[in-house]
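The values are calculated or read from the model by the stated rules, or taken from the named source; none is laboratory data. Being a predicted model, the structure only gives us computed values, none of them experimental. Here the Cβ positions follow ideal geometry from the backbone for every residue, glycine too, while neighbour counts run over all protein chains shown. Ligands, DNA and RNA are excluded from the accessible area calculation, which covers all protein heavy atoms including side chains. Shrake-Rupley method; radii C 1.70, N 1.55, O 1.52, S 1.80 Å.
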Amino acid sequence: GKVFCWGKGGRGQVGQGKGTAQDYLTAVKVARLPGRAVEIAAGFNHSLALLEDGRVFVWGKFQKQTEDKVDFEDAFIPIQVDFNGVAVRRIWAGYFHSVALTSTNQLFQWGRLSDKAVSAHPDVRKQIDAGETQLARSTVVRPVSVQVSSEWVMDHDLEVSLGTDLTYVTASSLDRPLVWDWNLSPVPLDLFEPRCVDLVRSHRVRRVVPGWQHTLYLTEEE
């Protein structure tokens, strides 16, 4: 359907067009979204919409870009994200980054790395190493493929949750949650985070939801 938004709009995240850097106390329709949305997501200062034809549009903080240039400016109207012509079927947003699942069962990630984040992934390094400013050296503006198994990304109950830099996945074909950082290489949660060893070994975790500085786990037990 149509997408409406309200709240803080200083970075363009409400999607009302140039010169509308203000807060909205009532819901307003997102401007110039070229189609019917079937899924939406919101991060700290950015918004996303997935259209019924598989296109993804973003708006908000540092989302403005063209085919051959990244401006690192705020986008006050929806701008299409390029997945090389491949349709997208799911989208998720974290505080500073976003993830999309394409119709070819590929996961892509893009967004800003926090001050503590590092990455050895060649496609991530290619983008941030070319940056001429500190902002450019911490922002991945073009989606990069995550190294995933096609088996679990096809699960109907796939759940993806994004935190500050981490992304968590649960699915019926996984015996334990997976997590990845900006290296984009998923690993079992208990191997990535030692504090979760006892939890993962004694419970089957159905969902992981990260907050700002805490994390929630939902298990199968009644």
> If you check every pair at least six apart or on different chains, which have Cβ atoms under 6 Å apart with a residue in the range 20-41 that is open to solvent by less than 90 Å² (accessible area, probe 1.4 Å) first and a residue that is of a type in the set (A, V, I, L, M) and outside any strand (DSSP E or B) second?
Replying inline: Tyr24/Val14; Val30/Val3; Leu33/Val3; Ala37/Val3
> In the range 115-159, how many are among the basic types (Lys, Arg) and in contact (Cβ under 8 Å) with a residue 24 or more places away in the chain?
Replying inline: 2
>> Just the residues that are part of a strand (DSSP E or B) and polar (S, T, N, Q), please, taken from the range 78-98.
In response: Gln80, Ser98
>> Criterion first (farther than 22 Å from Val38 by Cα, touching a Phe, Trp or Tyr at 6+ places or on another chain (Cβ under 8 Å) and among the acidic types (Asp, Glu)) does Asp165 satisfy it?
In response: yes
> In the range 159-185, how many are under 15 Å from the mean Cα position of the chain (by Cα), open to solvent by less than 50 Å² (accessible area, probe 1.4 Å) and closer than 20 Å to Gln106 by Cβ?
Replying inline: 12
> Out of all the residues in the range 106-114, is one or more out of contact with any Cys (no Cβ under 8 Å at 6 or more places or on another chain), of a type outside the set (A, V, I, L, M), part of a loop (DSSP other than H, G, I, E, B) and closer than 23 Å to Gly35 by Cβ?
Replying inline: yes
> So which of Asp123, Asp82 is acidic (Asp, Glu), farther than 26 Å from Val3 by Cα and under 18 Å from the mean Cα position of the chain (by Cα)?
Replying inline: Asp123
